Structure formats: structure tokens, C-alpha cells
1. Projecting each Cα onto the charge dipole of the stretch 19-167 (Lys/Arg +1, Asp/Glu -1 at the beta carbon, about the Cα centre), which of Gly100, Pro54, His139 comes out farthest on the positive side?
2. Lys and Arg at +1, Asp and Glu at -1: add these up for the other residues within a Cβ distance under 15 Å of Phe215 and post the number.
3. Report the gain in length on full extension from Asp93 to Glu228: 0.36 nm times residue separation, minus Cα-Cα distance, nm rounded to one decimal.
4. Roughly speaking, what % of Cα-Cα pairs in the stretch 29-110 are separated by over 14 Å, rounded to a whole number?
5. Between Arg27 and Ala65, what's the calculated FRET efficiency when r is the beta-carbon distance and R0 is 25 Å? Round to 0.05.
6. Give the relative contact order (percent, whole number) for the stretch 160-280; include only Cα pairs under 8 Å separated by 6+ residues.
7. Expressed in nm to one decimal, what extension gain is obtained for the pair Arg181 and Ile44 from 0.36 nm per residue of sequence separation less their Cα-Cα distance?
8. For a protection proxy built on the mean count of beta-carbon atoms within 10 angstrom, sort 150-157, 246-253, 89-96, 172-179 highest first, please.
Amino acid sequence: MSATLAGADDRLLRHITACNNAALPGRHVPVRLGGLQVGWFDPIRFDDVAGLVPRAGPDGIDLVAEQLAALARGLADRGLIGFRGEDFDVRADPDGEALGRLDRGALPMFGIWAEGVHLNGLVRRSDGLFVWVARRAAHKALDPGLLDHIAAGGVPAGLTAWQTLIKEAEEEASIPAELARRAVPVATISYAMQRPEGLRRDRLRLYDLDLPEAFMPIAADGEVASFELWPIAQVFESVRDGDAFKFNVNVALIDLFLRQGVIPPSGHEAAALRAALNAAAI
């Protein structure tokens with residue numbers, strides 16, 4: 001741990017460290033699409049993609065845009081990925097043009113960028129700030145049963161982050177579009193994380209939405225099992241002391257704690273945690 005981070009509460013810092021556990025490039029080789037690098041691939045898995053990609057070797061893997069759909073199906077047929085049936089744009093740079101589309105389930109195998117949105121559903125009452133907490137449904141492919149934001153989701157092909165936010169807010173929590181449009185963009189967090197499904201290179205766009213006290217979220221699409229309204233102190237203690245929240249939600253909530261002064265802004269801990277959030281290299 002660097003001297004910059006040494007003063008941070010390890011109980012919080014561990015979540016940021018866990019989301020940045022991939023040292024790149026490490027042993028990974030480049031993944032290219034249209035001659036541009038779009039990801040990283042672990043050579044130990046060359047046999048897994050044999051016959052599914054045009055070329056794989058020590059200098060990297062080359063993909064073809066027109067073959068990406070067949071690639072994802074082939075990997076799923078071999079039991080190597082969980083096919084999600086949802087395409088994401090493939091880009092060399094998260095702000096660059098889309099070079100192709102690949103099923104979401106295949107992105108981690110090739111270490112390809114993915115973008116997501118996370119919404120803090122906030123209620124400001126006379127007795128303090130409260131946060132809506134969702135429990136993920138038991139059938140979710142990733143992290144079933146863990147706690148989550150009121151709404152969150154990956155940005156699918158063809159949609160912007162803002163369009164995705166409005167869609168997810170309505171689908172996951174029945175937040176009307178006219179209310180969801182009051183959300184305020186507050187931060188962007190990136191990380192590179194080695195997970196069982198592969199290398200996740202994610203960029204999360206974070207939003208705050210102040211909700212009326214009378215508003216009650218309702219799970220509309222089955223992605224959420226239940227909602228609870230927690231004092232922010234309870235959310236803080238849960239993140240600090242345990243692992244009840246989905247891995248990347250912890251990181252987004254640390255950003256919220258810093259912005260809301262739950263972690264004293266003038267202290268070394270706040271500076272160290274903010275530096276850790278900003279230092280992610282993917």
C-alpha cells in the first residue's frame with residue numbers, strides 16, 4: 001500500500017482495492033478490433049477461443065466486427081460464458097466510436113470496456129439523509145441476493161448513459177421518467193477487476209436523485225427482490241463493516257459518503273480514499 005493510502009480506514013479502502021485487483025497488462029495480451037486495441041486477454045485461455053477468433057498468438061487476438069455475434073454464441077455453447085442476450089458497444093476508448101457489438105456475457109473474457117450507471121436514491125428528512133437500498137433478486141446472474149442501489153445497470157449498445165439511467169430507474173424501481181430526469185451526475189469511477197467471469201474493465205457513471213418522502217420504489221422487472229430506506233449512517237456501517245453490498249456498489253457509496261461529509265472532508269482518510277477512487281487505471 002502506498003504512503004498516500006496508508007492513513008485510510010482499511011475497512012473502506014479494501015473495497016476500492018478489491019475493484020482494482022488487476023495489474024495490466026500483466027500477462028495479458030492485447031485484443032484488437034478493426035486494428036484498434038479494445039481489451040486484454042489472458043493467454044492461458046487461448047485454447048478456449050480456438051476456432052472462434054481469426055487469430056490468437058503471443059502478440060494478441062484479432063476480432064472481426066461481423067463475427068462477434070457468432071463468437072459469443074460459440075463461447076456460450078462451450079460453456080465458457082453466460083450468454084446474456086444483451087449487446088454492448090465495443091470501443092477502443094470509452095468515449096470513442098463504437099467499433100462493433102458483443103454480448104455482455106463475453107466482455108470480461110476479452111477484458112473489453114463496459115459502462116454502467118448507478119443511481120443514489122436519496123430522501124432528505126428532518127431527521128437526516130436516508131438512502132434507498134435494493135436487494136438483488138435471487139435469480140440474478142451476478143451477485144444474487146446482495147444489496148444494491150435503487151437502480152443501476154449496464155449501458156447497452158445504442159443507448160447513452162443518460163438514456164440507460166432513465167430506463168433502469170423506471171424498470172427497476174418504477175421511478176417515472178419525469179422524476180428520474182431530476183437526477184444529477186456526480187462522479188465517474190473506473191476500475192479493472194479480475195473476477196470469476198473474467199477481467200472487468202468498468203466505468204461507472206454515478207447520479208444522485210432526491211426523492212420525495214412519499215415516494216415508494218416498486219420492483220417492476222423482477223431484478224430487485226425488495227427495497228428498504230436506510231439512514232445513511234446505517235449504509236456507511238454496512239459498507240465499512242461487511243460485504244452485504246454488490247462489489248462495485250461499495251465503491252460508488254464511498255464516493256457518496258465523501259460528498260455528503262459522512263467521512264470528514266478535512267481529514268486524511270477522506271483525501272486518501274478520494275485519491276484511491278481517482279487513481280484507478282484501466
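1. Sorting the options by dipole projection puts first His139.
2. Values: positive: Arg124, Arg125, Arg181, Arg182; negative: Glu170, Glu172, Glu178, Asp208, Asp210, Glu213, Glu228.
Net of charged neighbours comes to -3.
3. On the way: separation 135, 0.36 × 135 = 48.60 nm, distance 3.71 nm.
The span from Asp93 to Glu228 would gain 44.9 nm if fully extended.
4. Value for the stretch 29-110: 58 percent of Cα pairs lie more than 14 Å apart.
5. On the way: r = 27 Å, r/R0 = 1.06.
The computed FRET efficiency comes out at 0.40.
6. Working: 113 pairs, mean separation 26.3, N = 121.
Computed over the stretch 160-280, the figure is 22 percent.
7. Numbers: separation 137, 0.36 × 137 = 49.32 nm, distance 4.51 nm.
This chain segment gains 44.8 nm when fully extended.
8. Details: 150-157: 21.8, 246-253: 23.8, 89-96: 16.1, 172-179: 17.9.
Ranked from most to least packed, the peptides come out as 246-253, 150-157, 172-179, 89-96.
Just so you know, all these numbers are worked out from the coordinates, no wet-lab data involved. Everything numeric in this text was worked out from a predicted model, so none of it was measured. FYI the Cβ positions are ideal-geometry reconstructions off the backbone, even for glycines, and counts take in every protein chain you see.
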